[in-house]
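Take a look at the structure below.
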Amino acid sequence: MQSIHPFAIGIVLGALAAGCSGDRADVGLGPACAGGLEAGYRELNQAEASGLSGSVKWSKAASLLGAAKVQEQFGEYQNCVIKVREARAFLREIN
């Protein structure tokens, strides 16, 4: 059985740590992501209350907001903000 070289272990651990550190473009976008999600879900609920939840655009907006929430949980704030903007655009179209 072959042993793993300590240098290889260091490279793998370094790559994992770099992958968990987040994207530099995400710096400072956390509040925009959180605020956009809050506004997006409020608009989604208002559209649902107005009887618009059966529309395709409402469904797309709901899916995008769900995906944005996952992005937020992983610290991918830039992707979160992009998805929130797209979702809110769909909601504006149906209101």
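Figure legend. Inter-residue proximity from segment 67-95: first residues farther than 17 Å from Gln46 by Cα and in contact (Cβ under 8 Å) with a residue 40 or more places away in the chain, second residues basic (Lys, Arg) and part of a helix (DSSP H, G or I), beta-carbon distance below 9 Å, spacing 6+ or different chains. Indicated pairs: Cys80/Lys69. When the residues of segment 53-76 are filtered to those that are of a type in the set (S, T, N, Q) and modelled with pLDDT of 95 or more, which remaining residue is surrounded by the fewest Cβ atoms within 10 Å (Cβ to Cβ)? That would be Gln73. What number of residues within segment 22-70 satisfy the criterion of being of a type in the set (Ser, Thr, Tyr), in a loop (DSSP other than H, G, I, E, B) and in contact with a helix residue (DSSP H, G or I) (Cβ under 8 Å, 6 or more places away or on another chain)? Residues flagged as of a type in the set (Ser, Thr, Tyr), in a loop (DSSP other than H, G, I, E, B) and in contact with a helix residue (DSSP H, G or I) (Cβ under 8 Å, 6 or more places away or on another chain) within segment 22-70 amount to 2. Could you list, in sequence order, all residues of segment 41-73 that are among the hydrophobic types (A, V, I, L, M, F, W, C) and within 12 Å of the chain's Cα centre (by Cα)? Residues satisfying the conditions are Leu64, Leu65, Ala67, Ala68, Val70.
The values are calculated or read from the model by the stated rules, or taken from the named source; none is laboratory data. Remember, predicted model here, so these are calculated numbers, not experimental data. Ideal geometry is used to build each Cβ from the backbone, glycine not excepted, and the neighbour counts take in all protein chains shown.
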